[in-house]
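Peer 1: Attaching a single structure in structure tokens format; questions to follow.
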Amino acid sequence: MQKADYDSENLSIVTDKSEAFIRIRGISKKFGDFTAVDDVNLDIGRGELFSILGGSGCGKSTLLRVMAGFETPTAGTIEIDGVDITELPPYERPVNMMFQSYAIFPHMNVEKNIAYGLRKDHVDNKEIAQRVDDMLELVQLVDFRERKPNQLSGGQRQRVALARALIKRPKVLLLDEPLAALDKKLREQTQFELMNIQDELGITFVVVTHDQEEAMTLSTRIAVMEEGRFLQVGPPKEIYEFPETRFVADFIGTINMFEGKVNRVGDETISVESAEAGTSLRALGNHDVEVGQSVCIAVRPEKIFITKHEPDNDDDVRIRGVVDDLGYLGNLSLYRIRLESGKMIQVSSQNRRRSTKRFVEWEDKIWVSWRPRSAIVLTD
Amino acid sequence: MKKQSRFVFSVLVFGYAFLYIPLASVIVYSFNDSKLATVWGGFSTRWYVELFKNEQILDAAFLSLRIATTSATLATIFGTMAGLILVRFGRFRGQTLFSGMITAPLVMPEVITGLSLLLLFVSLQQLIGWPAQRGFTTITIAHTTFSMAYVAVIVRSRLATMDESLEEAAMDLGCRPLRIVFDITLPLIAPAMIAGWLLAFTLSLDDLVIASFVSGPGSSTLPMYIFSKVKLGVTPDINALASLIILIISILVFAAWFTARRSQAST
Amino acid sequence: MALKKRQGALWQRITIAVPYLWLFVFFLLPFGIILKISLADPVIAQPPFTPFFDADGGLSITIDNFLFLLTDKLYAVTYIKSIFMAATAMVLCLALGFPMAYGIARANPTTRSLLLLLIVLPFWISFLLRVYAWMGLLNNYGVINNFLMWVGFIDQPIQMMYTDFAIFIGLTYTYLPFMILPLYATLERMDLDLVDAAQDLGASRTIAFWDITWPLARPGVIAGCLLVFIPAMGEYVIPYLLGGPDTLLIGRVLFDEFFVNRDWPLASSVAIMLLLILVVPIVFLQRSQARDAEATS
């Protein structure tokens, strides 16, 4: 496999799959003719922070609701910690959920909201008080215990929802778009809070999100979902650097794709003739492809270099182009380059130097280049 | 899930049966040939024929329609004005009294409204000789008064959800306030006004108690005529009349519903 | 407020003045007159009450009518009975209306609009005719008795017409939509995640209903109950047509006092008393509606 050729010390998967904590087998959910979840299999390890990532309507929320027990699956089973919970109603599952809308009971104050789950389990009052106090401390809401939900800010409501779901010490916490309702600054800050809390309590988190950035920062592993199926499951880095399909490559981050035909298969590299690139593109690995097969070469914008003169490394892929547009984002600069073939590609580079001068200008003739090992070969 | 849904479902079935079985039975019995309304004597449409020969019914129906049309129109005008005042005019002197007066008729028992208006008409007659006799005019006034409250509520809720920046845009483009009302506000609340008119019309056609108070000798509205007959029990010609009204109203309401749904689907 | 800038404009004053005057003359003034006549003595004349001012210009008022209403046992019984009947109808409407409103609110959108239409439809059909329809059903030889005898459940008709039972049926039937519509509005607005969340935290369906759905539906319950109770208190037609001759409810007593006994002052006093009983629920209703409007805006 390709991974072997690349420095992969960071790619080790956190969990040992032999002792899966959550074991999902053949889960399907149909609504009439519509299949929302289609024969999904998944193992999640104890203590993982697992994200299910996908666009709206891909079935990720349905899968979460199946795990919570709000939907009965059409087929399949779910085990948690070795116990089959498929038939259990939501109120008997060792699972709690944080809702996208937060679903904070509007007629109860913060304290009553958080205590609700323990009350339903008839925990004695002294213990409830103790655990509510601990929870309020954990989510930093001690001063807000008497407030009604409508007197709270979005971030505070989010923390109430989190505390309420955590207080029963569930084996698994399900989070439906936990950060979607927060503004950007708060979202970034809360991301790390969420990770710290998860670290502290060691509870397995399953997060559903449409925000790839959120999934990338939070997760130990990500499952990319589309039309009810998992396209790829793996750690964020693996998903980003080694996407297996065009959909995953395109969905996570930005990517430049060149369609072409394989014209040479070597031991360590293949070569792809692409009219879009106007040249032959070399890529590392053999990918089980044959000469003449249609494939796609994909390159991330930050893996591409821009130089004013032709780079002298013969191994690299080098193409002539013109700067069509450029944008300054502070930490990054973005370039849109028009290749000689007419194809537009995106390139980004870090602004390491403090300067107001631009390195290239509009309509400058330049060269773009990348290393063969930066190229992703997509065969789907 | 299943258990509770089944309970809810059976209550729904029971509830709708409760609402519609009486109406259905009236329609069935309207085709009963027997003069005894409770004994089935074979199928017949003779009560419908008789209905159209009964001049008292036709007179009463005509009077009711005239009153309903007039009072609904007046109520729509006054009710729209009242709705505009409440939502768009800001504060003015006597506003609390005004909003109290506009909503009170909604919850006022009919017997009280009827009695109070009759006493007013009697007193006015004593003082200024008007109204000389009670009938069309007095019933129309009474119906206008209580149904304008309904129109005002409908118009008010429409105005409250309406984007005020439309009016502000018109003002920004150089429109004077009175023109804004006619160019922007009224066209936008027209659906609410139509709904209000229909409601006022129905309320007027429906009213028995208030009309009984404020009508004079010789002027009977349709409900008053029906009431005088059904006091004595079930009669076959009222069955026929009731069936006709049920059918006409149902057709109109369903037609309105379908049109509304279609226009909703197309937007 | 786009239109309020030029408050003094003539057309605006006219717009305010017309409905204001109308309501003043035809709504507020009549109440003054009722109050005035309730304080007069009945006489056999046209109109049948003593004038407000006597010949010398002195104030001529009496509270005899109210004393009579408060001391006569018949009236006390009437008031209590009216409250009891209206309250029973309210409870029946709630018991039937809540599950119905719940079912409608949870139905899929197309079915929901049809179900709602079917709730509203009877409201457009003459109220009198709807009460009349029950006369045909409840009669000794009406549809229900005929059916029960045909099935063999009973061999003699059950007396249903002209009983309190018939009044309950009539009141429930007539005012059911008034209960369902506000209930539907609150239930439909409710975030379904809340019930899911309660179940997720360990509440069974039943417990989740009482912990979450019921308290959140309270504004609708209150509005619905009052919308049934208030008009049912003053109801005249239903007790007259369906109830027995001895079922004395306020609305009917007022009507009879006025038209049969021609005792206008006493009828006015009955009206004032009715109003006094209803003032509390009416104010309560307007408060709850104002709160509701605030909450949704």
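Each value in this text was obtained by applying a stated rule to the coordinates, not by laboratory testing. Fair warning: this is a prediction, and the values are worked out from it, not measured in the lab. Cβ atoms come from the backbone with ideal geometry, glycine included; neighbour counts cover every protein chain shown.
Peer 1: Would you mind giving the three semi-axes, in whole Å and largest first, of the ellipsoid equivalent to the range A:252-355 according to its Cα gyration tensor?
Peer 2: On the way: eigenvalues 150, 38, 36 Å².
Output for the range A:252-355: semi-axes of 27, 14, 13 Å.
Peer 1: Moving to a separate point now. Below 19 Å, Cα to Cα, which aspartates and glutamates can A:K126 reach? Residues fewer than 8 away in the same chain don't count.
Peer 2: Candidates past the 8-residue exclusion: A:E111, A:D134, A:E137, A:E146.
Peer 1: If one puts a single equal scatterer on every Cα of chain A and applies the Debye formula without solvent, what log₁₀ I(q)/I(0) results at q = 0.12, 0.15 Å⁻¹?
Peer 2: Normalising to I(0) and taking log10 leaves -0.99, -1.26.
Peer 1: Where does chain A land at 222 nm, in deg cm²/dmol rounded to the nearest 500, when only DSSP H runs of n ≥ 4 count, each adding -39500 (n - 2.57), divided by all residues? The partial results should precede the final answer.
Peer 2: Values: 8 runs with 84 residues, N = 380.
About -6500 deg cm²/dmol.
Peer 1: Go through the range B:145-208 and name the trypsin sites (Lys or Arg not before Pro) that are in a DSSP coil and have 12 or fewer other Cβ atoms within 10 Å of their Cβ.
Peer 2: none
Peer 1: Something else now. How many Cβ atoms of partner chains, on average, are near each residue of C:133-143 if near means within 10 Å of its Cβ? If you can, show how the numbers build up before the last one.
Peer 2: Numbers: counts 13, 4, 9, 13, 6, 1, 4, 1, 5, 5, 8.
Mean shielding count: 6.
Peer 1: Next question, about the same structure. Tell me, B:M193, B:M108, A:M67 in order of fewest to most beta-carbon neighbours within 10 Å?
Peer 2: Details: B:M193 19, B:M108 22, A:M67 27.
Listing B:M193, B:M108, A:M67 from fewest to most nearby Cβ atoms yields B:M193, B:M108, A:M67.
Peer 1: Along Cα→Cβ, 7 Å out, is where each label goes; now give me the distance between the ones at B:F92 and A:K261 in nm to one decimal.
Peer 2: Simple spin-label model gives 8.2 nm for this pair.
Peer 1: In chain B, which whole DSSP H runs stretch at least 30 Å along their own axis (Cα) and average 0.0 or higher on the Kyte-Doolittle scale?
Peer 2: On the way: long enough: B:2-30 (41 Å, 1.08); B:55-88 (48 Å, 1.11); B:136-161 (37 Å, 0.97); B:236-266 (45 Å, 1.19).
Helices passing the filter in chain B: B:2-30, B:55-88, B:136-161, B:236-266.
Peer 1: Any idea what % of Cα-Cα pairs in chain B are farther than 28 Å?
Peer 2: 52 percent
Peer 1: Now, a different point. Report, in deg cm²/dmol and to the nearest 500, the calculated mean residue ellipticity at 222 nm for chain B, where each DSSP H run with n ≥ 4 adds -39500 (n - 2.57) and the sum is divided by the residue count.
Peer 2: Values: 12 runs with 208 residues, N = 267.
Value at 222 nm, helices only: -26000 deg cm²/dmol.
Peer 1: Show that you can apply the helix-only estimate: for chain C, add -39,500 (n - 2.57) for every DSSP H stretch of four or more residues, divide by all residues, and state [θ] at 222 nm to the nearest 500. Mind showing how you got there, number by number?
Peer 2: Details: 14 runs with 207 residues, N = 297.
Using -39500 (n - 2.57) per qualifying helix, the result is -22500 deg cm²/dmol.
Peer 1: Additional query: In whole Å, what is the distance between the alpha-carbon centres of the range C:232-247 and the range A:53-124?
Peer 2: 53 Å
Peer 1: Let me ask another. Pick out, from C:W210, C:Q199, C:I250, the residue whose Cα sits farthest towards the positive end of the charge dipole of the range C:163-297, with +1 on the Cβ of Lys and Arg and -1 on the Cβ of Asp and Glu.
Peer 2: C:I250
Peer 1: Further, regarding this structure: Taking only the C-alpha atoms, wrap a convex hull around the protein assembly as shown and report its volume per residue in Å³ as a whole number.
Peer 2: Enclosed volume per residue, from the Cα hull, is 266 Å³.
Peer 1: Let me ask something else. Once you order the gyration tensor axes a ≥ b ≥ c over the Cα atoms, which shape class does the range C:78-296 get: rounded for a/c under 1.5, otherwise prolate or oblate by comparing a/b with b/c? Each step should come with its number before you reach the end.
Peer 2: Working: a/c = 2.36, a/b = 1.37, b/c = 1.73.
Cα axes put the range C:78-296 in the oblate bin.
Peer 1: For the range A:336-380, run through the trypsin sites (Lys or Arg not before Pro) and keep only the ones in DSSP coil with at most 10 other Cβ atoms within 10 Å of their Cβ.
Peer 2: A:R352, A:R353, A:R354, A:K357
Peer 1: Please give me, ordered by residue number, the GluC sites (Glu not before Pro) of the range A:183-268 that lie in loop per DSSP and have at most 16 other Cβ atoms within 10 Å. If you can, show how the numbers build up before the last one.
Peer 2: Working: sites: A:E188, A:E193, A:E200, A:E213, A:E214, A:E226, A:E227, A:E238, A:E241, A:E244, A:E259, A:E268; in loops: A:E227, A:E244, A:E268.
Those that pass, being in a loop and sparsely packed, are A:E227, A:E268.
Peer 1: Which whole number gives the average, over all residues in C:116-122, of C-beta atoms from other chains lying within 10 Å of the residue C-beta?
Peer 2: Rounded to a whole number, the mean comes out at 5.
Peer 1: Would you mind pulling out the separation of the Cα centroids of the range C:87-138 and the range A:211-284, in Å?
Peer 2: Each part's Cα centre sits 59 Å from the other's.
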